[in-house]
Amino acid sequence: MQQLNDFLLLIDSFIGSAIWFPYALLGTGLFFTIYLKFPQIRFFGFAIKIVKGKFDKSDDEGDTSHFQALATALSGTVGTGNIAGVAFAIHIGGPPALFWMLMTAAVGMCTKFVEVTLSHKYREKAADGTMAGGPMYFMKNKMNMKWLAVAFAIATVLSSFGTGSLPQVNSISNSLNATFGIDHIVTGAVLAVLLAFVTIGGIKRIAAVTEKLVPGMAIIYFIGAFAVILYNLDNIGPSIVSIFADLFTGSAASGGFIGASIAYAFNRGVNRGLFSNEAGQGSAPIAHASAKGHEPVSEGMVAILEPFIDTIVICTVTGLVLLSSGVWNQKHVNDFQVSDMSIVVGSGYSDSTDDGIAQLYGHISGEKPLSVFSGDLDIQNGLIKNDVTVLHARSLAENVTITKDGQPFNGLVNIADGKPSDLNVTFTGKSLVHSAPLTTIAFTKGFFGDWGQYIVSIGLLLFAFSTAISWSYYGDRAMTFLLGSSSVKYYRMVYVVAFFFAAFTDTTIIWTLSAITIAVMTLPNLFGLLYLRKDMKTTLDEFWVNFKKEYPDEKTPQ
C-alpha cells in the first residue's frame, strides 16, 4: 500500500502539485478577465437580479432554480478548505497570503462565469428526464473530442470519492471523536444513512437540502467568527495593515513565525485560493447545468457569485479571525506530526535573534539547510538527551517530550533524515500549528471562550457533509454520461458504502489519488475553455442583443 501511495505521489508531483499547475489556472482566468472585459465586475449586480428570479420564465427547462443551483455548487466548494486552507496559507506565507487568495478569487469569478456558461449551453436531457451537463458535454457536443470528455468524466467519478466523500467523512469523524468522544463507526453509520436519504432523491432533493443547509451553516460559522472579531476589535486595524504591509517584500519574523518570502506568500495564497473555490476544475458547472434557464449566460453570471462568497467573504472572515486573535504566530502545545518535523544536529538555535532567525529560515525554506540528525535518540523519562534541536510546523519547538501510550518514554527512538521512523511514540511540545487545529484555537479567543471550538467542529461537520452531498451529484452526472442513467443507482450505493467505511479507515492514499484526478479534471477543462473562447464571446454578445430586444427598458451592465 505504501509503495502504491509513493507511486501516486510521484505522479502527483508532475501534475496536481507541480509548480506550473496554479499558474495554468490563474493564467486562464486572467486571459478571460481581459478578453471579456472584466465580466466579474460588470455583471456582479446583474447576477444578483438573476438569482432573485427577476428574469425567470415559466417554461424554462431545468431541475432547479438559480438559487438552488448556486447553493448546490457552494455546498461543494465551501468546505474544510475555508476552515483549514486559510490557516495553512497564513501559516506558510504569513498575512499577505490572504491578499493573494482574494486576488485569485477575483480572477476565479471570471473562470466560473465561462465554464458554467459553456456547460449550460451544451447540456442535454438524460433518459430519465433530468438535465445533464458539465464540461464533458461541451467537449463532446462542440469540440468533438469524446475521448477527452470520457477522461474528464472518469476523473470526476474518482474525484467524487477522493474529494467529496472519503476524506470528508474521515475529517468529520476525527473531529467529532476529538471534541465529543463520539466513536468513528457511529459517526460513519449515522451520516451514511443521512447521505443515502439525500442522494437517493436526486438533484431535486439535493437542491432542497443545500438551499437550507448552506445559509444555515454560514450563519453558524459567522456567529462564531464575529464573536472573535468583535472581541478583538482593537486588533482588526493592525491585522488589515499586516496583510498589505509586507505584500511585496515578504513577511517579517513575528513571534514563533520565522518569516516568509514573497514567493511563499504568493504561491500559498494562489494555491489555497484556487482550491478553495474550485474555479477551473469543472465541478460546479455540473450543478449549474441543472438550473432552469433559457439563456446559458444568465446561469454563468450566477456562478460569478460563487468565488465571491466562498473565498472573498468566508475566507476573509476566517483570515481576520486568525489574525485578530493573534494565534497564527503563537506557539501552542500539540502532538507533533511526523511530516511537519525536522530534527537537526546541535542546539542553541534561537528564534528571538536575527542570526538565529536567519539560520532557521534558511533551513525551513531550503535555501541553507542545516545538518539533519540520523541515528538513535536517547530518551530518558520522556526527555531527549542528545545534542539536537526539534523543529515542527516551520518553528522552533519548545518543551519537547516523548510519550508512549500516554506515559513518558524511556529508550531509543530511531531517526532517519531528521524524522522519527518509530511511529509508536508521540512527540509533544510547543510549536506553531496550522490548518483546522489553528482555526479551532482562534475560535476560542472570543466571547464564547472554549465553547468556540465546538463551532469549528460543527462547522467542519456541516461543511464537509454538504461537500459530500454535492459531489455525489457530480459523480452521478458523470456516470450518466459514461454509462447512462441506469448506472446511477449502483454508483450511489457504492458512494454511500464507501462513505461509511472511510469514517474509520486511513484515507491517505485517497487524498493522493484525489490530487491527481483533480488535475485530470482541470487540465482538459482549461483546454476546452480556451479552445471555445470565440464561442464564449459570441454567446455573450448574442445574449445582450436578445436581452435588449426582450427587456428594452432594463438597464444593461455592458
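The values are calculated or read from the model by the stated rules, or taken from the named source; none is laboratory data. Since we're looking at a predicted model, the values are computed, not measured. Reconstructed Cβ throughout: ideal geometry from the backbone, glycine too, with neighbour counts over all protein chains shown. The area values use the complete protein model at the heavy-atom level, side chains included, leaving out ligands, DNA and RNA. Shrake-Rupley method; radii C 1.70, N 1.55, O 1.52, S 1.80 Å.
In this structure, is I469 touching a helix residue (DSSP H, G or I) at 6+ places or on another chain (Cβ under 7 Å) and more than 30 Å from L26 (Cβ to Cβ)? Steps first, answer last, please.
Numbers: touching a helix residue (DSSP H, G or I) at 6+ places or on another chain (Cβ under 7 Å): yes; more than 30 Å from L26 (Cβ to Cβ): no.
No.
Show me the helices (runs of 4 or more DSSP H) entirely contained within the range 130-227 in which 3 or more residues are open to solvent by 40 Å² or more (accessible area, probe 1.4 Å) and closer than 28 Å to L523 by Cα. Walk me through how you get there before you give the answer.
Numbers: elements: 135-141, 146-159, 166-180, 184-199.
Filter on the range 130-227 gives 146-159.
Identify, from the list G346, G366, G362, the residue that is in contact with a Leu (Cβ under 8 Å, 6 or more places away or on another chain) and at pLDDT below 90.
Details: G346 fails: at pLDDT below 90; G366 fails: in contact with a Leu (Cβ under 8 Å, 6 or more places away or on another chain).
Testing whether each residue is in contact with a Leu (Cβ under 8 Å, 6 or more places away or on another chain) and at pLDDT below 90 leaves just G362.
Taking the options D335, D387, name whichever one is among the acidic types (D, E) and within 30 Å of the chain's Cα centre (by Cα). Quick ask: steps written out before the conclusion?
Working: D387 fails: within 30 Å of the chain's Cα centre (by Cα).
Only one candidate qualifies: D335.
Of everything in the range 336-349, what is open to solvent by 30 Å² or more (accessible area, probe 1.4 Å) and out of contact with any Phe, Trp or Tyr (no Cβ under 7 Å at 6 or more places or on another chain)? Give them in sequence order.
Applying the first criterion (open to solvent by 30 Å² or more (accessible area, probe 1.4 Å)) to the range 336-349 yields 337-340, 345, 347-349.
Of everything in the range 336-349, those that are open to solvent by 30 Å² or more (accessible area, probe 1.4 Å) and out of contact with any Phe, Trp or Tyr (no Cβ under 7 Å at 6 or more places or on another chain) turn out to be Q337, V338, S339, D340, S347, G348, Y349.
If the requirement is being small (G, A, S), farther than 25 Å from A155 by Cα and open to solvent by less than 20 Å² (accessible area, probe 1.4 Å), which of these qualifies: S457, S472, S487? Break it down into steps so the answer makes sense when it comes.
Numbers: S472 fails: farther than 25 Å from A155 by Cα; S487 fails: farther than 25 Å from A155 by Cα.
The unique qualifying residue is S457.
Looking only at the range 390-441, which residues are assigned to a helix (DSSP H, G or I) and without any contact (Cβ under 8 Å) to a residue 40 or more places away in the chain? Quick ask: steps written out before the conclusion?
From the range 390-441, those assigned to a helix (DSSP H, G or I) are 435-441; that's our starting set.
The one that is assigned to a helix (DSSP H, G or I) and without any contact (Cβ under 8 Å) to a residue 40 or more places away in the chain: T440.
I'd like to verify a number: residues in the range 389-413 that are loosely packed, with under 12 Cβ neighbours inside 10 Å and either under 18 Å from G346 (Cα atoms) or aromatic (F, W, Y) (or both), how many? Step through it out loud before you land on a result.
The first filter runs over the range 389-413 and keeps only residues loosely packed, with under 12 Cβ neighbours inside 10 Å, leaving 399, 405-407.
From what is left, the residues that are either under 18 Å from G346 (Cα atoms) or aromatic (F, W, Y) (or both) are 399.
Summing the residues that are loosely packed, with under 12 Cβ neighbours inside 10 Å and either under 18 Å from G346 (Cα atoms) or aromatic (F, W, Y) (or both) in the range 389-413 gives 1.
I need the full set of residues from the range 442-457 which are polar (S, T, N, Q) and outside any helix (DSSP H, G or I), in order please. Don't jump to the end; show me each part of the working.
Residues of the range 442-457 polar (S, T, N, Q): 444, 453, 457.
Correct list: T444 only.
Can you report the number of residues in the range 118-129 which are of a type in the set (G, A, S) and either under 22 Å from T538 (Cβ atoms) or buried (at least 24 other Cβ atoms within 10 Å of the Cβ) (or both)? Walk me through how you get there before you give the answer.
Going residue by residue through the range 118-129, those that are of a type in the set (G, A, S) are 119, 126-127, 129.
The next check asks that each one be either under 22 Å from T538 (Cβ atoms) or buried (at least 24 other Cβ atoms within 10 Å of the Cβ) (or both); those that pass are 119.
Residues meeting the conditions: 1.
Would you kindly identify the helices (runs of 4 or more DSSP H) lying entirely within the range 1-107 that contain at least 1 residues that are modelled with pLDDT under 85, buried (at least 24 other Cβ atoms within 10 Å of the Cβ) and β-branched (V, I, T)? Steps first, answer last, please.
On the way: elements: 2-14, 20-35, 39-42, 44-51, 66-77, 86-93.
Because the criterion is at least 1 residues that are modelled with pLDDT under 85, buried (at least 24 other Cβ atoms within 10 Å of the Cβ) and β-branched (V, I, T), the helices (runs of 4 or more DSSP H) in the range 1-107 that meet it are 66-77.
Which residues, taken from the range 290-313, are open to solvent by less than 10 Å² (accessible area, probe 1.4 Å), modelled with pLDDT of 90 or more and either of a type in the set (A, V, I, L, M) or not in a helix (DSSP H, G or I) (or both)?
Result: V297, M301, V302, A303, I304.
Identify the residue in the range 411-442 that is among the small types (G, A, S) and over 30 Å from I229 (Cα atoms) and, among all such residues, is modelled with the highest pLDDT.
Of all residues in the range 411-442, those among the small types (G, A, S) come to 411, 416, 418, 421, 429, 431, 435-436, 442.
Subsequent filtering for residues that are over 30 Å from I229 (Cα atoms) retains 411, 416, 418, 421.
On the way: G411: 93, A416: 90, G418: 90, S421: 86.
Of everything passing the filter in the range 411-442, G411 is modelled with the highest pLDDT.
Quick check, is D417 acidic (D, E), open to solvent by 70 Å² or more (accessible area, probe 1.4 Å) and within 32 Å of the chain's Cα centre (by Cα)? Reasoning before the result, please.
Details: acidic (D, E): yes; open to solvent by 70 Å² or more (accessible area, probe 1.4 Å): yes; within 32 Å of the chain's Cα centre (by Cα): yes.
Spelling it out, D417 is indeed acidic (D, E), open to solvent by 70 Å² or more (accessible area, probe 1.4 Å) and within 32 Å of the chain's Cα centre (by Cα).
Take the range 490-519 and flag every residue that is modelled with pLDDT of 80 or more, open to solvent by 10 Å² or more (accessible area, probe 1.4 Å) and not aromatic (F, W, Y).
R492, M493, V494, V496, V497, A498
Among the listed residues T72, T80, identify the single one that is touching a helix residue (DSSP H, G or I) at 6+ places or on another chain (Cβ under 9 Å), of a type outside the set (A, V, I, L, M) and under 26 Å from L483 (Cα atoms). It would help to see each step written out before you state the result.
Working: T80 fails: under 26 Å from L483 (Cα atoms).
Being touching a helix residue (DSSP H, G or I) at 6+ places or on another chain (Cβ under 9 Å), of a type outside the set (A, V, I, L, M) and under 26 Å from L483 (Cα atoms) holds for just one of T72, T80, which is T72.
With the requirement that a residue be open to solvent by 60 Å² or more (accessible area, probe 1.4 Å) and part of a loop (DSSP other than H, G, I, E, B), what does the range 356-388 give you?
Residues satisfying the conditions are E367, K368, P369, S371, S374, N381, K385, D387.
Could you grab the pairs with beta carbons closer than 9 Å, sequence gap of 6+ or different chains, first residue in the range 523-544 and surrounded by fewer than 21 Cβ atoms within 10 Å (Cβ to Cβ), second one assigned to a helix (DSSP H, G or I) and among the charged types (D, E, K, R)?
Close Cβ pairs satisfying both conditions: D535/K121; T539/K121.
Which pairs have Cβ atoms under 8 Å, sit 6 or more apart or on different chains, and link a residue in the range 185-214 that is at positive phi to one that is polar (S, T, N, Q) and open to solvent by 10 Å² or more (accessible area, probe 1.4 Å)?
As it stands, the answer is G202/T130, since those pairs meet every condition given.
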